[in-house]
Amino acid sequence: MTAPHCVLVVDDEKQNRELLTELLHDECRVILAKNGFQALERASEQQPDLILLDVLMPDMNGFEVIQRLKNDDRTRHIPVIFVSALDSPSDEERGLDLGAVDYIAKPFHPPIVRKRVRNHLLSVHHRRLLENLAMIDSLTEIANRRRYDTQLESEWRRCARSGSPLSLMIIDVDHFKAYNDNFGHAAGDQILRSIALTMSGQVGRPGDLVARYGGEEFAVLLPLTERHAARLMAEELRGRIEDLHIPHPHSPVAPVVTVSIGGMTLVPKGGQVLPELFDGADAALYVAKREGRNRVVWQEN
Ligand SMILES: [Mg+2]
């Protein structure tokens, strides 16, 4: 079950704020703002799922507020419903032109507001589900390459800001082709699922990520992790996979399925992901394979 949705109610009149809170608190968590400035601040800090926005307010009216929300990367995705005493078709049209998803005239009919909010929250929920599905590898049900790229960018920036190390490992299944050729692709797929499950069970701090990078290659991202700790984690993963004791009679490395791991640790600089992290881990993986596979090699830097 996901956390309840959060709705930001923006209205300069206390009575309206109270009325809307009363109306919605069974559907969602309600947060309040009594003017445009507070609305902008709360929207960017608390990332509500939906905003109910009054139009007539002193200092900054609702039309101005929505323009600012839509001009800010942190808030442009949040759907806005105008709740306004301005009820002419031209006001409504203006509101929708500015990017609102709906326009409710005051005085409003409470059950209608509740139902419209419910419908918009349902859309938000469906959109999230689709976004999440688009980030999951359908075979192994762990993060896919796209999710890896997104998370690498955000963790790179986070580590760059705090001057912390970021570690990456790339994991490759040893002699996977020989396994597939001998046992078929369905059996090969099962190996990939087992490995994904094993690694996901070991790696799970906030910000850590296990992803299928492509084919029989996985990537593990460990933010705020020093080289030594990351390398120990890589050894742990390698050992766990060997300990699954999945027979692989066609591997010259071992009688069971094994993996080779290449890793790299660096302290990110700047906001753009540099290729040296991946390239370093990839070069280390190459060395691990050349030296006989079923081992961990960490790139020097
Ligand atoms: Mg007002």
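The values are calculated or read from the model by the stated rules, or taken from the named source; none is laboratory data. The model shown is predicted, which means the values in this text are computed figures rather than measured ones. Reconstructed Cβ throughout: ideal geometry from the backbone, glycine too, with neighbour counts over all protein chains shown.
Take the stretch 127-185 and flag every residue that is of a type in the set (S, T, Y) and under 18 Å from V210 (Cα atoms).
S138, T140, Y148, T150, S154, S167
Please go through the stretch 24-41 and give me each residue that is within 16 Å of the ligand (Cβ to nearest atom) and among the aliphatic types (A, V, I, L, M), ordered by number.
L32, A33, A39 - these are the residues of the stretch 24-41 that are within 16 Å of the ligand (Cβ to nearest atom) and among the aliphatic types (A, V, I, L, M).
Regarding the stretch 253-260, can at least one residue be identified that is in contact with a Cys (Cβ under 9 Å, 6 or more places away or on another chain) and in the same structural domain as K177 (by TED's automatic domain parsing)? Walk me through how you get there before you give the answer.
In the first step, residues of the stretch 253-260 are kept if they are in contact with a Cys (Cβ under 9 Å, 6 or more places away or on another chain); the result is none.
Looking through the stretch 253-260, none of the residues is in contact with a Cys (Cβ under 9 Å, 6 or more places away or on another chain) and in the same structural domain as K177 (by TED's automatic domain parsing).
Anything in the stretch 168-195 that is among the hydrophobic types (A, V, I, L, M, F, W, C) and either within 27 Å of L274 (Cβ to Cβ) or not assigned by TED's automatic domain parsing to the domain that holds L277 (or both)? List them, or say none.
L168, M169, I170, I171
In the stretch 165-196, how many are among the hydrophobic types (A, V, I, L, M, F, W, C), part of a helix (DSSP H, G or I) and either free of Cβ contacts under 8 Å to residues at least 12 places away in the same chain or surrounded by 17 or more Cβ atoms within 10 Å (Cβ to Cβ) (or both)?
Total meeting the criteria: 8.
Which of (1) crowded, with 17+ Cβ neighbours inside 10 Å; (2) within 12 Å of the ligand (Cβ to nearest atom); (3) not aromatic (F, W, Y) is the odd one out, the single condition Q15 does not satisfy?
(1)
So if I check each of V220, V297, which one is crowded, with 19+ Cβ neighbours inside 10 Å and farther than 22 Å from Q151 by Cα? Even if it seems obvious, please write down each step before you answer.
Working: V220 fails: farther than 22 Å from Q151 by Cα.
Answer to the check: V297.
Out of contact with any helix residue (DSSP H, G or I) (no Cβ under 8 Å at 6 or more places or on another chain) and outside any helix (DSSP H, G or I): which single residue out of V273, V253 fits that description?
After ruling out the rest, the residue left standing is V253.
Conditions (1) assigned to a strand (DSSP E or B); (2) more than 31 Å from the chain's Cα centre (by Cα), marked per residue:
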residue	(1), (2)
P4	no, no
R17	no, yes
E27	no, no
V30	yes, no
L40	no, no
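Please specify each residue of the stretch 117-164 satisfying the condition of being assigned to a loop (DSSP other than H, G, I, E, B) and surrounded by 15 or more Cβ atoms within 10 Å (Cβ to Cβ).
Going residue by residue through the stretch 117-164, those that are assigned to a loop (DSSP other than H, G, I, E, B) are 134-135, 137-142, 144, 163-164.
Of everything in the stretch 117-164, those that are assigned to a loop (DSSP other than H, G, I, E, B) and surrounded by 15 or more Cβ atoms within 10 Å (Cβ to Cβ) turn out to be M135, D137, T140, I142, N144, S164.
Starting from the stretch 212-226, keep only residues that are at pLDDT 95 or above, then list their pairs with residues that are hydroxyl-bearing (S, T, Y) whose Cβ atoms are within a distance under 6 Å, requiring at least 6 positions of separation or different chains.
Qualifying pairs under 6 Å: R212/T140; A219/Y148; A219/Y213; L222/S167; L224/S164; T225/S167.
Considering only the stretch 73-96, I want to know if a residue exists there that is among the hydroxyl-bearing types (S, T, Y), under 22 Å from K115 (Cβ atoms), surrounded by 21 or more Cβ atoms within 10 Å (Cβ to Cβ) and free of Cβ contacts under 8 Å to residues at least 40 places away in the same chain.
Within the stretch 73-96 (the criterion being among the hydroxyl-bearing types (S, T, Y), under 22 Å from K115 (Cβ atoms), surrounded by 21 or more Cβ atoms within 10 Å (Cβ to Cβ) and free of Cβ contacts under 8 Å to residues at least 40 places away in the same chain), the answer is yes, since at least one residue qualifies.
Evaluate the stretch 52-73: report whether one residue or more is more than 15 Å from the ligand (Cβ to nearest atom) and within 23 Å of H109 (Cβ to Cβ).
Looking for residues that are more than 15 Å from the ligand (Cβ to nearest atom) and within 23 Å of H109 (Cβ to Cβ), one finds none in the stretch 52-73, hence no.
This table checks each residue for (1) in contact with a Leu (Cβ under 8 Å, 6 or more places away or on another chain); (2) small (G, A, S).
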{"site": "D91", "(1), (2)": "no, no"}
{"site": "G95", "(1), (2)": "no, yes"}
{"site": "K106", "(1), (2)": "no, no"}
{"site": "H126", "(1), (2)": "no, no"}
{"site": "I136", "(1), (2)": "no, no"}
{"site": "T140", "(1), (2)": "yes, no"}
{"site": "W156", "(1), (2)": "yes, no"}
{"site": "H185", "(1), (2)": "no, no"}
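I'm checking my understanding of the structure. Among residues of the stretch 42-51 that are buried (at least 17 other Cβ atoms within 10 Å of the Cβ) and outside any helix (DSSP H, G or I), which one is nearest to the ligand (Cβ to nearest atom)?
In the first step, residues of the stretch 42-51 are kept if they are buried (at least 17 other Cβ atoms within 10 Å of the Cβ); the result is 42-43, 48-51.
The next check asks that each one be outside any helix (DSSP H, G or I); those that pass are 48-51.
Values: P48: 19, D49: 23, L50: 19, I51: 15 Å.
If we take residues in the stretch 42-51 being buried (at least 17 other Cβ atoms within 10 Å of the Cβ) and outside any helix (DSSP H, G or I), then I51 is nearest to the ligand (Cβ to nearest atom).
Can you name every residue in the stretch 74-97 that is within 14 Å of the ligand (Cβ to nearest atom) and hydrophobic (A, V, I, L, M, F, W, C)?
Across the stretch 74-97, the qualifying residues are F82, V83, A85, L86.
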